[in-house]
Amino acid sequence: MVSRVIPVQAFDLVIFGGTGDLAQRKILPALFRRHCAGQLPQDARILGAARGDLGSDGYRDLVRRALQDESGATDLAMRAAELERFLARLDYLAIDATETAGWRALAQQLGLPTTDRVRVFYFSVGPTLFAPLAEQIWAHELADDHTRIVVEKPFGHDLASAKALNRTLASHFDESQIYRIDHYLGKETVQNLMAIRFGNMLFEPLWNSQYVDHIQITVAESVGVSGRESYYDKSGAMRDMMQNHLMQLLCLIAMEPPAKFDPDAVRDEKLKVIRALEPVEPHHIVRGQYTSVEGAEPGADLSYRETAGDPRSTTESYVALKAHISNWRWAGTPFYLRTGKRLVARSSVINVFFKDAPHSIFGADAGRHANLLTIRLQPDEGITLKVTIKEPGPGGMRLIDVPLDMSFAQALGADIDGAPDAYERLITDVIRGNQTLFMRGDEVEAAWAWTDPIIAGWTSRGDVPKPYDSGSTGPGDADLLMRRDQREWRGINP
(Lines give C-alpha, C1' and ligand atoms only; values in the text may rest on other atoms or scores of the structure.)
Protein backbone atom coordinates (compact mmCIF):
# COMPACT_ATOMS: atom_id res chain seq x y z
CA MET A 1 0.00 0.00 0.00
CA VAL A 2 1.27 3.46 -0.91
CA SER A 3 -0.09 6.56 0.83
CA ARG A 4 -0.29 9.72 -1.24
CA VAL A 5 0.40 13.20 0.07
CA ILE A 6 -1.54 15.84 -1.82
CA PRO A 7 -0.39 19.41 -1.03
CA VAL A 8 -3.05 21.86 0.07
CA GLN A 9 -3.44 25.27 -1.53
CA ALA A 10 -1.66 28.38 -0.26
CA PHE A 11 -3.04 29.62 3.05
CA ASP A 12 -2.57 31.95 6.00
CA LEU A 13 -3.35 30.40 9.40
CA VAL A 14 -3.77 32.65 12.42
CA ILE A 15 -3.74 30.81 15.75
CA PHE A 16 -5.41 32.90 18.45
CA GLY A 17 -4.02 31.54 21.70
CA GLY A 18 -0.86 30.65 19.78
CA THR A 19 1.20 30.40 22.99
CA GLY A 20 -1.32 28.21 24.82
CA ASP A 21 -1.19 24.56 25.78
CA LEU A 22 -3.34 23.29 22.91
CA ALA A 23 -1.31 25.19 20.31
CA GLN A 24 1.99 23.89 21.70
CA ARG A 25 0.91 20.27 22.23
CA LYS A 26 -1.36 19.65 19.25
CA ILE A 27 -1.78 22.36 16.62
CA LEU A 28 1.82 23.36 15.95
CA PRO A 29 3.23 19.79 16.09
CA ALA A 30 0.48 18.74 13.65
CA LEU A 31 1.45 21.55 11.27
CA PHE A 32 5.13 20.63 11.57
CA ARG A 33 4.41 17.00 10.67
CA ARG A 34 2.40 18.08 7.62
CA HIS A 35 5.27 20.39 6.69
CA CYS A 36 7.73 17.49 6.89
CA ALA A 37 5.36 15.34 4.80
CA GLY A 38 5.46 17.94 2.04
CA GLN A 39 1.80 18.86 2.32
CA LEU A 40 2.23 22.57 3.06
CA PRO A 41 3.03 24.76 0.05
CA GLN A 42 6.16 26.91 0.24
CA ASP A 43 4.23 30.15 0.67
CA ALA A 44 1.94 28.91 3.45
CA ARG A 45 2.18 31.18 6.50
CA ILE A 46 1.41 30.56 10.19
CA LEU A 47 0.84 33.46 12.55
CA GLY A 48 0.66 33.09 16.32
CA ALA A 49 -1.45 35.64 18.18
CA ALA A 50 -1.70 36.10 21.93
CA ARG A 51 -1.58 38.87 24.53
CA GLY A 52 2.08 38.47 25.47
CA ASP A 53 4.70 40.65 23.76
CA LEU A 54 7.02 37.87 22.54
CA GLY A 55 7.98 39.09 19.11
CA SER A 56 8.47 36.73 16.17
CA ASP A 57 11.92 35.51 17.27
CA GLY A 58 10.66 34.80 20.78
CA TYR A 59 7.70 32.92 19.36
CA ARG A 60 9.92 30.78 17.14
CA ASP A 61 12.01 29.86 20.19
CA LEU A 62 8.85 28.92 22.08
CA VAL A 63 7.66 26.73 19.18
CA ARG A 64 11.10 25.12 18.89
CA ARG A 65 10.94 24.10 22.56
CA ALA A 66 7.38 22.85 22.16
CA LEU A 67 8.36 20.65 19.22
CA GLN A 68 11.32 19.29 21.17
CA ASP A 69 8.99 18.35 24.03
CA GLU A 70 6.56 16.73 21.60
CA SER A 71 9.00 14.96 19.25
CA GLY A 72 12.06 14.55 21.42
CA ALA A 73 15.37 16.34 20.95
CA THR A 74 17.01 13.41 19.14
CA ASP A 75 14.21 12.98 16.63
CA LEU A 76 14.05 16.71 16.02
CA ALA A 77 17.81 16.91 15.49
CA MET A 78 17.44 14.46 12.60
CA ARG A 79 15.06 16.90 10.96
CA ALA A 80 16.98 20.07 11.78
CA ALA A 81 16.79 21.49 8.26
CA GLU A 82 13.03 20.92 8.09
CA LEU A 83 12.62 22.51 11.50
CA GLU A 84 14.36 25.69 10.39
CA ARG A 85 12.24 25.87 7.24
CA PHE A 86 9.10 25.39 9.31
CA LEU A 87 10.08 28.05 11.84
CA ALA A 88 10.70 30.45 8.97
CA ARG A 89 6.97 30.23 8.19
CA LEU A 90 6.08 31.59 11.63
CA ASP A 91 5.36 35.12 12.74
CA TYR A 92 3.79 36.54 15.85
CA LEU A 93 1.58 39.45 16.84
CA ALA A 94 0.44 40.63 20.26
CA ILE A 95 -3.37 40.87 20.11
CA ASP A 96 -6.05 41.06 22.79
CA ALA A 97 -9.47 39.76 21.73
CA THR A 98 -11.22 42.45 23.77
CA GLU A 99 -9.04 45.41 22.71
CA THR A 100 -8.41 47.17 19.39
CA ALA A 101 -4.61 47.15 19.54
CA GLY A 102 -2.88 44.80 17.10
CA TRP A 103 -5.76 44.23 14.71
CA ARG A 104 -4.62 46.79 12.13
CA ALA A 105 -1.14 45.20 12.18
CA LEU A 106 -2.76 41.80 11.63
CA ALA A 107 -4.54 43.08 8.53
CA GLN A 108 -1.26 44.42 7.17
CA GLN A 109 0.51 41.14 7.95
CA LEU A 110 -2.14 39.25 5.98
CA GLY A 111 -1.75 41.60 3.03
CA LEU A 112 -5.33 42.84 3.18
CA PRO A 113 -7.55 44.01 1.66
CA THR A 114 -6.42 42.34 -1.60
CA THR A 115 -5.75 38.62 -1.36
CA ASP A 116 -7.34 35.45 -2.68
CA ARG A 117 -5.55 33.06 -0.31
CA VAL A 118 -7.37 30.76 2.05
CA ARG A 119 -7.43 32.47 5.43
CA VAL A 120 -8.01 30.39 8.58
CA PHE A 121 -8.58 31.83 12.05
CA TYR A 122 -8.13 29.15 14.70
CA PHE A 123 -9.81 29.96 18.05
CA SER A 124 -7.46 28.07 20.39
CA VAL A 125 -8.75 30.07 23.35
CA GLY A 126 -11.30 29.81 26.14
CA PRO A 127 -14.96 29.72 25.03
CA THR A 128 -15.67 33.18 26.48
CA LEU A 129 -13.46 34.65 23.73
CA PHE A 130 -15.12 32.95 20.77
CA ALA A 131 -17.75 35.65 20.24
CA PRO A 132 -15.37 38.62 20.83
CA LEU A 133 -12.88 37.20 18.32
CA ALA A 134 -15.57 36.69 15.69
CA GLU A 135 -16.77 40.26 16.19
CA GLN A 136 -13.23 41.68 15.99
CA ILE A 137 -12.46 39.79 12.77
CA TRP A 138 -15.62 41.15 11.21
CA ALA A 139 -15.20 44.69 12.56
CA HIS A 140 -11.67 44.96 11.18
CA GLU A 141 -12.73 43.54 7.78
CA LEU A 142 -10.43 40.53 7.97
CA ALA A 143 -13.01 38.10 6.58
CA ASP A 144 -13.99 37.37 2.99
CA ASP A 145 -15.33 34.43 1.00
CA HIS A 146 -12.02 32.55 1.47
CA THR A 147 -12.12 32.87 5.27
CA ARG A 148 -12.71 29.97 7.67
CA ILE A 149 -12.87 29.96 11.46
CA VAL A 150 -12.07 26.94 13.64
CA VAL A 151 -13.84 26.78 16.99
CA GLU A 152 -12.61 24.38 19.68
CA LYS A 153 -14.87 22.68 22.19
CA PRO A 154 -16.63 23.30 24.48
CA PHE A 155 -19.14 24.84 22.11
CA GLY A 156 -21.41 26.28 24.73
CA HIS A 157 -22.11 25.18 28.29
CA ASP A 158 -25.76 24.35 27.64
CA LEU A 159 -28.39 24.79 24.94
CA ALA A 160 -28.95 28.48 25.62
CA SER A 161 -25.25 29.39 25.43
CA ALA A 162 -24.75 27.22 22.32
CA LYS A 163 -27.63 28.97 20.58
CA ALA A 164 -26.28 32.39 21.57
CA LEU A 165 -22.83 31.52 20.23
CA ASN A 166 -24.31 30.14 17.01
CA ARG A 167 -26.25 33.36 16.53
CA THR A 168 -23.12 35.46 17.03
CA LEU A 169 -21.06 33.42 14.59
CA ALA A 170 -23.90 33.29 12.06
CA SER A 171 -24.22 37.08 12.11
CA HIS A 172 -20.64 37.38 10.81
CA PHE A 173 -19.95 34.11 8.97
CA ASP A 174 -21.79 31.69 6.76
CA GLU A 175 -22.27 28.18 8.17
CA SER A 176 -19.95 26.89 5.42
CA GLN A 177 -17.13 28.97 6.98
CA ILE A 178 -17.54 27.68 10.55
CA TYR A 179 -15.58 24.57 11.57
CA ARG A 180 -16.57 23.30 15.02
CA ILE A 181 -13.76 20.90 15.75
CA ASP A 182 -14.03 17.66 17.73
CA HIS A 183 -10.65 15.97 17.47
CA TYR A 184 -12.28 12.57 18.04
CA LEU A 185 -13.77 12.72 14.56
CA GLY A 186 -10.29 13.10 13.09
CA LYS A 187 -9.03 9.80 14.47
CA GLU A 188 -8.31 7.22 11.78
CA THR A 189 -10.26 4.49 13.53
CA VAL A 190 -13.28 6.70 14.20
CA GLN A 191 -13.51 7.42 10.48
CA ASN A 192 -13.17 3.70 9.89
CA LEU A 193 -16.54 3.28 11.58
CA MET A 194 -18.16 4.58 8.40
CA ALA A 195 -16.02 2.31 6.24
CA ILE A 196 -16.95 -0.71 8.37
CA ARG A 197 -20.63 0.25 8.34
CA PHE A 198 -21.09 1.19 4.72
CA GLY A 199 -18.23 -0.52 2.90
CA ASN A 200 -19.01 -4.09 3.93
CA MET A 201 -22.11 -5.95 2.80
CA LEU A 202 -21.34 -8.43 5.58
CA PHE A 203 -22.51 -6.07 8.36
CA GLU A 204 -25.14 -3.68 7.01
CA PRO A 205 -27.99 -6.23 6.59
CA LEU A 206 -27.52 -7.26 10.25
CA TRP A 207 -27.14 -3.69 11.60
CA ASN A 208 -30.57 -3.31 13.21
CA SER A 209 -32.71 -4.29 16.17
CA GLN A 210 -33.70 -7.61 14.60
CA TYR A 211 -30.15 -8.95 14.96
CA VAL A 212 -28.36 -6.64 17.44
CA ASP A 213 -29.07 -7.27 21.12
CA HIS A 214 -27.34 -4.14 22.44
CA ILE A 215 -24.35 -1.88 21.88
CA GLN A 216 -21.78 -0.67 24.41
CA ILE A 217 -19.62 2.42 23.87
CA THR A 218 -16.79 2.98 26.36
CA VAL A 219 -14.30 5.83 26.49
CA ALA A 220 -12.12 5.24 29.53
CA GLU A 221 -9.21 7.39 30.68
CA SER A 222 -6.56 6.42 33.19
CA VAL A 223 -5.57 10.04 33.94
CA GLY A 224 -7.33 12.37 36.35
CA VAL A 225 -8.29 16.02 35.91
CA SER A 226 -5.02 17.53 37.12
CA GLY A 227 -4.16 20.56 35.00
CA ARG A 228 -7.76 20.98 33.85
CA GLU A 229 -9.47 21.14 37.22
CA SER A 230 -10.70 24.75 36.93
CA TYR A 231 -12.47 23.95 33.64
CA TYR A 232 -13.51 20.41 34.48
CA ASP A 233 -15.17 21.22 37.80
CA LYS A 234 -17.60 23.49 35.94
CA SER A 235 -18.29 20.90 33.26
CA GLY A 236 -17.97 17.31 34.41
CA ALA A 237 -17.95 14.13 32.35
CA MET A 238 -21.41 14.71 30.89
CA ARG A 239 -20.52 18.02 29.27
CA ASP A 240 -16.84 17.26 28.63
CA MET A 241 -17.21 13.83 27.02
CA MET A 242 -20.74 12.45 26.75
CA GLN A 243 -22.33 15.43 24.97
CA ASN A 244 -19.72 15.48 22.22
CA HIS A 245 -17.22 12.59 21.90
CA LEU A 246 -19.54 9.72 22.84
CA MET A 247 -22.46 11.38 21.07
CA GLN A 248 -20.44 11.42 17.85
CA LEU A 249 -19.52 7.74 18.22
CA LEU A 250 -23.18 6.91 18.84
CA CYS A 251 -24.18 8.79 15.70
CA LEU A 252 -21.62 7.03 13.50
CA ILE A 253 -22.69 3.62 14.81
CA ALA A 254 -26.44 4.26 14.57
CA MET A 255 -26.87 6.56 11.54
CA GLU A 256 -28.57 5.59 8.30
CA PRO A 257 -26.43 5.35 5.14
CA PRO A 258 -26.05 8.85 3.68
CA ALA A 259 -26.87 9.25 0.01
CA LYS A 260 -23.24 10.17 -0.62
CA PHE A 261 -20.10 10.87 1.35
CA ASP A 262 -20.25 14.63 1.53
CA PRO A 263 -20.44 17.00 4.53
CA ASP A 264 -24.14 17.79 4.67
CA ALA A 265 -25.32 14.31 3.69
CA VAL A 266 -23.31 12.77 6.55
CA ARG A 267 -24.28 15.44 9.05
CA ASP A 268 -27.96 15.22 8.10
CA GLU A 269 -27.97 11.54 9.09
CA LYS A 270 -26.11 12.20 12.34
CA LEU A 271 -28.63 14.87 13.24
CA LYS A 272 -31.51 12.42 12.71
CA VAL A 273 -29.95 10.07 15.28
CA ILE A 274 -29.63 12.79 17.93
CA ARG A 275 -33.20 13.97 17.38
CA ALA A 276 -34.45 10.37 17.67
CA LEU A 277 -32.85 9.87 21.10
CA GLU A 278 -35.43 9.35 23.83
CA PRO A 279 -35.15 11.23 27.14
CA VAL A 280 -33.03 9.25 29.60
CA GLU A 281 -34.83 7.97 32.69
CA PRO A 282 -33.21 8.89 36.06
CA HIS A 283 -32.70 5.22 36.97
CA HIS A 284 -30.83 4.71 33.69
CA ILE A 285 -28.02 7.12 34.67
CA VAL A 286 -25.05 6.56 36.99
CA ARG A 287 -22.68 9.33 38.03
CA GLY A 288 -19.39 8.72 39.79
CA GLN A 289 -16.43 10.59 41.26
CA TYR A 290 -13.01 9.02 41.79
CA THR A 291 -11.47 8.77 45.25
CA SER A 292 -7.88 8.35 46.38
CA VAL A 293 -6.27 4.95 46.89
CA GLU A 294 -3.84 4.24 49.68
CA GLY A 295 -0.43 3.08 48.51
CA ALA A 296 -0.69 4.69 45.07
CA GLU A 297 2.31 6.37 43.49
CA PRO A 298 3.12 9.87 44.78
CA GLY A 299 1.07 12.48 42.97
CA ALA A 300 -1.38 9.87 41.67
CA ASP A 301 -3.27 9.30 44.92
CA LEU A 302 -5.31 12.51 45.08
CA SER A 303 -9.05 12.20 44.96
CA TYR A 304 -11.11 14.25 42.52
CA ARG A 305 -12.17 16.65 45.27
CA GLU A 306 -8.58 17.13 46.41
CA THR A 307 -7.45 17.84 42.85
CA ALA A 308 -10.35 20.23 42.27
CA GLY A 309 -9.69 21.98 45.59
CA ASP A 310 -13.32 21.63 46.68
CA PRO A 311 -14.09 19.09 49.42
CA ARG A 312 -17.82 19.29 48.59
CA SER A 313 -17.67 19.16 44.81
CA THR A 314 -20.54 17.23 43.22
CA THR A 315 -19.05 17.26 39.73
CA GLU A 316 -18.98 13.82 38.12
CA SER A 317 -15.77 12.34 36.75
CA TYR A 318 -17.70 9.30 35.51
CA VAL A 319 -21.06 8.84 33.84
CA ALA A 320 -22.81 5.77 32.46
CA LEU A 321 -26.25 5.71 30.91
CA LYS A 322 -28.70 3.66 28.91
CA ALA A 323 -30.05 5.32 25.77
CA HIS A 324 -32.74 4.39 23.27
CA ILE A 325 -33.17 5.57 19.67
CA SER A 326 -36.76 5.81 18.53
CA ASN A 327 -36.63 4.83 14.88
CA TRP A 328 -37.37 1.74 12.79
CA ARG A 329 -33.78 0.53 12.73
CA TRP A 330 -33.07 0.64 16.46
CA ALA A 331 -36.42 0.43 18.29
CA GLY A 332 -35.92 -1.84 21.31
CA THR A 333 -32.12 -2.00 21.11
CA PRO A 334 -30.43 -0.28 24.08
CA PHE A 335 -27.18 1.65 23.78
CA TYR A 336 -25.03 1.70 26.92
CA LEU A 337 -22.55 4.57 27.09
CA ARG A 338 -19.89 5.15 29.75
CA THR A 339 -16.89 7.39 30.22
CA GLY A 340 -14.72 8.25 33.18
CA LYS A 341 -11.45 9.52 34.56
CA ARG A 342 -8.92 7.54 36.60
CA LEU A 343 -10.20 4.19 35.42
CA VAL A 344 -8.17 1.01 35.22
CA ALA A 345 -6.88 1.69 31.70
CA ARG A 346 -7.07 4.05 28.76
CA SER A 347 -9.42 2.48 26.27
CA SER A 348 -11.97 3.56 23.67
CA VAL A 349 -14.01 0.69 22.30
CA ILE A 350 -17.38 -0.08 20.74
CA ASN A 351 -18.91 -3.53 21.33
CA VAL A 352 -21.81 -4.67 19.14
CA PHE A 353 -23.54 -7.66 20.74
CA PHE A 354 -25.57 -9.72 18.31
CA LYS A 355 -28.51 -11.79 19.45
CA ASP A 356 -28.40 -15.52 20.13
CA ALA A 357 -29.34 -17.84 17.31
CA PRO A 358 -33.14 -18.25 17.43
CA HIS A 359 -32.82 -22.01 17.85
CA SER A 360 -29.86 -24.19 18.77
CA ILE A 361 -29.65 -27.59 17.10
CA PHE A 362 -26.79 -28.68 19.37
CA GLY A 363 -28.65 -29.17 22.63
CA ALA A 364 -28.32 -27.64 26.08
CA ASP A 365 -24.77 -28.94 26.65
CA ALA A 366 -23.47 -26.74 23.84
CA GLY A 367 -24.31 -23.62 25.83
CA ARG A 368 -25.47 -20.22 24.64
CA HIS A 369 -23.37 -18.45 22.05
CA ALA A 370 -23.70 -15.13 20.24
CA ASN A 371 -21.46 -13.14 17.94
CA LEU A 372 -19.68 -10.03 19.17
CA LEU A 373 -18.08 -7.34 17.03
CA THR A 374 -15.50 -5.24 18.89
CA ILE A 375 -14.14 -2.07 17.32
CA ARG A 376 -11.06 -0.82 19.19
CA LEU A 377 -10.53 2.91 18.70
CA GLN A 378 -7.54 3.31 21.03
CA PRO A 379 -5.06 1.95 21.86
CA ASP A 380 -4.15 -1.05 19.61
CA GLU A 381 -6.69 0.03 17.00
CA GLY A 382 -8.42 -2.86 15.29
CA ILE A 383 -11.47 -5.07 14.94
CA THR A 384 -12.34 -8.39 16.55
CA LEU A 385 -15.27 -10.58 15.53
CA LYS A 386 -16.12 -13.35 17.96
CA VAL A 387 -17.52 -16.41 16.16
CA THR A 388 -18.69 -19.81 17.39
CA ILE A 389 -16.90 -23.00 16.34
CA LYS A 390 -16.67 -26.60 17.46
CA GLU A 391 -14.18 -27.27 20.22
CA PRO A 392 -11.47 -29.58 18.79
CA GLY A 393 -11.43 -33.19 19.93
CA PRO A 394 -13.79 -36.14 20.31
CA GLY A 395 -16.75 -36.36 22.62
CA GLY A 396 -19.59 -34.71 20.80
CA MET A 397 -20.42 -31.24 19.58
CA ARG A 398 -19.05 -28.79 22.13
CA LEU A 399 -19.09 -25.17 21.05
CA ILE A 400 -16.60 -22.46 21.93
CA ASP A 401 -16.15 -18.81 20.93
CA VAL A 402 -12.97 -17.71 19.18
CA PRO A 403 -11.92 -14.28 17.91
CA LEU A 404 -11.14 -13.30 14.36
CA ASP A 405 -8.73 -10.53 15.31
CA MET A 406 -7.37 -7.82 13.06
CA SER A 407 -4.98 -5.19 14.35
CA PHE A 408 -4.66 -2.17 12.07
CA ALA A 409 -0.95 -1.93 12.93
CA GLN A 410 -0.32 -5.52 11.83
CA ALA A 411 -2.54 -5.39 8.76
CA LEU A 412 -1.42 -2.02 7.41
CA GLY A 413 2.12 -1.89 8.78
CA ALA A 414 3.99 1.32 8.07
CA ASP A 415 0.94 2.90 6.44
CA ILE A 416 -0.92 3.09 9.76
CA ASP A 417 2.16 4.27 11.64
CA GLY A 418 2.62 7.11 9.19
CA ALA A 419 -1.03 8.11 9.01
CA PRO A 420 -1.78 11.69 10.04
CA ASP A 421 -3.10 12.17 13.55
CA ALA A 422 -6.46 13.78 14.24
CA TYR A 423 -5.29 17.40 14.24
CA GLU A 424 -3.20 16.94 11.10
CA ARG A 425 -6.19 15.61 9.20
CA LEU A 426 -8.68 18.14 10.55
CA ILE A 427 -6.49 21.20 9.92
CA THR A 428 -5.83 20.18 6.33
CA ASP A 429 -9.57 19.52 5.89
CA VAL A 430 -10.24 23.09 7.02
CA ILE A 431 -7.81 24.44 4.43
CA ARG A 432 -9.44 22.29 1.73
CA GLY A 433 -12.91 23.42 2.81
CA ASN A 434 -14.14 19.91 3.71
CA GLN A 435 -16.61 20.02 6.64
CA THR A 436 -17.47 16.30 6.78
CA LEU A 437 -15.65 15.73 10.07
CA PHE A 438 -16.89 18.92 11.73
CA MET A 439 -20.11 19.53 13.63
CA ARG A 440 -22.85 21.69 12.19
CA GLY A 441 -24.67 24.27 14.30
CA ASP A 442 -28.00 22.43 14.42
CA GLU A 443 -26.18 19.21 15.36
CA VAL A 444 -24.55 20.91 18.36
CA GLU A 445 -27.86 22.37 19.49
CA ALA A 446 -29.65 19.03 19.18
CA ALA A 447 -26.97 17.37 21.34
CA TRP A 448 -27.41 20.02 24.04
CA ALA A 449 -31.20 19.71 23.83
CA TRP A 450 -30.81 16.02 24.77
CA THR A 451 -28.12 16.65 27.40
CA ASP A 452 -29.62 19.60 29.30
CA PRO A 453 -32.62 17.73 30.79
CA ILE A 454 -30.31 15.01 32.10
CA ILE A 455 -28.14 17.55 33.92
CA ALA A 456 -31.18 19.53 35.11
CA GLY A 457 -32.70 16.33 36.48
CA TRP A 458 -29.84 15.36 38.73
CA THR A 459 -29.40 19.00 39.81
CA SER A 460 -33.05 19.26 40.88
CA ARG A 461 -32.86 15.93 42.69
CA GLY A 462 -29.65 16.90 44.46
CA ASP A 463 -27.90 13.74 43.24
CA VAL A 464 -24.38 13.21 44.52
CA PRO A 465 -21.91 11.18 42.41
CA LYS A 466 -21.13 7.68 43.67
CA PRO A 467 -17.51 7.30 44.82
CA TYR A 468 -15.25 4.84 43.03
CA ASP A 469 -11.62 3.86 43.54
CA SER A 470 -8.99 5.27 41.23
CA GLY A 471 -7.77 2.46 38.99
CA SER A 472 -11.11 0.64 39.05
CA THR A 473 -13.78 0.21 36.36
CA GLY A 474 -16.06 2.79 37.96
CA PRO A 475 -18.81 2.80 40.59
CA GLY A 476 -20.64 -0.40 41.41
CA ASP A 477 -23.97 1.15 40.47
CA ALA A 478 -22.88 1.09 36.82
CA ASP A 479 -22.67 -2.71 37.03
CA LEU A 480 -26.16 -2.80 38.56
CA LEU A 481 -27.43 -0.72 35.64
CA MET A 482 -26.43 -3.59 33.34
CA ARG A 483 -27.42 -6.46 35.62
CA ARG A 484 -30.99 -5.21 35.83
CA ASP A 485 -31.13 -6.04 32.11
CA GLN A 486 -29.30 -9.39 32.57
CA ARG A 487 -26.22 -7.95 30.85
CA GLU A 488 -22.65 -7.07 31.83
CA TRP A 489 -20.13 -4.48 30.77
CA ARG A 490 -17.21 -5.73 28.73
CA GLY A 491 -13.92 -5.32 30.59
CA ILE A 492 -11.83 -2.19 30.18
CA ASN A 493 -8.59 -3.45 28.66
CA PRO A 494 -5.50 -1.40 27.72
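Remarks
- The C-alpha atoms of the chain define a longest principal axis, and helix 441-461 lies at about 60 degrees to it.
- For the set E141, E269, E135, the ranking by accessible area, highest first and with no ligand, DNA or RNA atoms included, is E141, E135, E269 under a 1.4 Å probe.
- The modelled label-to-label distance between H157 and E278, using points 7 Å beyond Cα along the C-beta direction, is 3.3 nm.
- With the helix formula -39500 (n - 2.57) applied to DSSP H stretches of n ≥ 4, the chain reaches a computed 222 nm mean residue ellipticity of -9500 deg cm²/dmol.
- From phi via Karplus (6.51, -1.76, 1.60), per-residue ³J(HN,Hα) for the stretch 174-183 in Hz, x at Gly/Pro: 6, 4, 5, 9, 9, 10, 8, 8, 10, 4
- With Cα atoms, 0 to 90° folded angle of helix 130-139 axis to the chain main axis: 40 degrees
- Accessible area per residue in Å² at 1.4 Å probe, computed on the stretch 23-164: 47 Å²
- Accessible area of the stretch 208-326 belonging to carbon and sulfur atoms, whole % at 1.4 Å probe: 48 percent
- In the calculated pair-distance distribution of the chain, the portion above 37 angstrom amounts to 34 percent of the Cα-Cα pairs.
- In the chain, the longest principal axis of the Cα atoms and the axis of helix 188-198 are about 50 degrees apart.
- Charge-dipole axis of the stretch 85-216 as Lys and Arg at +1 and Asp and Glu at -1 on Cβ define it, positive-most pick from A160, I95, H140: I95
- When the P(r) is computed for the stretch 4-90, the part past 19 Å accounts for 34% of the Cα-Cα pairs.
- Candidate lysines for bridging to K272, where Cα separation is under 24 Å - those fewer than 8 sequence places away on the same chain excluded: K153, K163, K187, K260, K322
- Rounded to whole numbers, the Karplus 3J(HN,Hα) couplings from phi for the stretch 150-162 are 10, 10, 7, 6, x, 8, x, 9, 6, 5, 4, 5, 5 Hz, using 6.51 cos²θ - 1.76 cosθ + 1.60 with θ = phi - 60°, and x at Gly and Pro.
- Under a model in which nothing but the beta-carbon of Lys, Arg (+1) and Asp, Glu (-1) is charged, the chain shows a dipole of about 640 debye around its Cα centre.
- Cα shape, the stretch 197-331, gyration tensor, a/c 1.5 rule: prolate
- Global geometry of the stretch 186-255, whether rounded, prolate or oblate, following the gyration tensor of its Cα atoms and the 1.5 cut on a/c: prolate
- Largest to smallest accessible area among F353, F198, F123 [probe 1.4 Å]: F198, F353, F123
- Rounded to the nearest Hz, the phi-derived 3J(HN,Hα) couplings of the stretch 220-231 under the Karplus curve 6.51 cos²θ - 1.76 cosθ + 1.60 (θ = phi - 60°) are 9, 10, 8, 7, x, 9, 4, x, 10, 4, 5, 6, where x marks glycine and proline.
- Share antiparallel - DSSP beta bridges, the chain, percent rounded to 5: 55 percent
- Length-normalised contact order for the chain - Cα pairs under 8 Å, 6+ apart - percent: 17 percent
- The residues neighbouring E84, those whose beta-carbon lies less than 12 Å from its own, together hold a net charge of +4 under the Lys/Arg +1, Asp/Glu -1 convention.
- Protection-proxy order for peptides 245-252, 323-330, each taking the mean of Cβ atoms within 10 Å per residue, highest first: 245-252, 323-330
The values are calculated or read from the model by the stated rules, or taken from the named source; none is laboratory data. For clarity, every value in this text was computed on a predicted model and none was experimentally measured. FYI the Cβ positions are ideal-geometry reconstructions off the backbone, even for glycines, and counts take in every protein chain you see. All accessible areas refer to the heavy atoms of the entire protein, side chains included, with ligands and DNA or RNA removed. Shrake-Rupley method; radii C 1.70, N 1.55, O 1.52, S 1.80 Å.
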